[in-house]
Amino acid sequence: MANDLPFVVPTFVIPMLKITRVTDAGTTTLIVSGRIQAEQLSDLRRSIEAERTGDVVLDLSEVSLVDGAVVRFLLHYEMQGIRLAHCPAYVREWMVREKRPP
């Protein structure tokens, strides 16, 4: 019977990251969804580098969580001309603090 089955609680969470590519009039927008952690940066980097021949926008409107490595990653690419659209306020503030000299 279904009621006799044990209830199992997962002991780990797999971070979810989704990257959706949209191209319009020579601009490629990479819509990033979910949590971005250091472990996913290689996937995001590959997606960005694959589009470097044109105008690239990272749409962060669906990002729920980032860590410090991600903030530094975003700063690096923004300084290289990648536009950040719909950046969550807490991420933008963190980026501002990271740019300040110690």
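Summary table
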| read-out | value |
| --- | --- |
| Listing of strands (runs of 3 or more DSSP E) fully contained in the range 17-102 that carry 2 or more residues being of a type in the set (D, E, K, R) | 17-24, 55-66 |
| So V57, is it at pLDDT 95 or above and in contact with a Ser or Thr (Cβ under 8 Å, 6 or more places away or on another chain) | yes |
| Answer residue from the range 60-87, given it is under 11 Å from the mean Cα position of the chain (by Cα) and not hydrophobic (A, V, I, L, M, F, W, C) and is modelled with the lowest pLDDT among those | S64 |
| Selection from the range 40-79 of residues that are within 26 Å of A25 (Cα to Cα), touching a helix residue (DSSP H, G or I) at 6+ places or on another chain (Cβ under 9 Å) and not aromatic (F, W, Y) | L44, R45, I48, V56, L58, L60, V63, L74, L75, E78 |
| Subset of the range 23-48 (residues that are of a type in the set (V, I, T) and in contact (Cβ under 8 Å) with a residue 12 or more places away in the chain) | T27, T28, T29, I31, V32, I36, I48 |
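The values are calculated or read from the model by the stated rules, or taken from the named source; none is laboratory data. Nothing here was measured: the structure is a model prediction, and the numbers come from that model. Cβ atoms come from the backbone with ideal geometry, glycine included; neighbour counts cover every protein chain shown.
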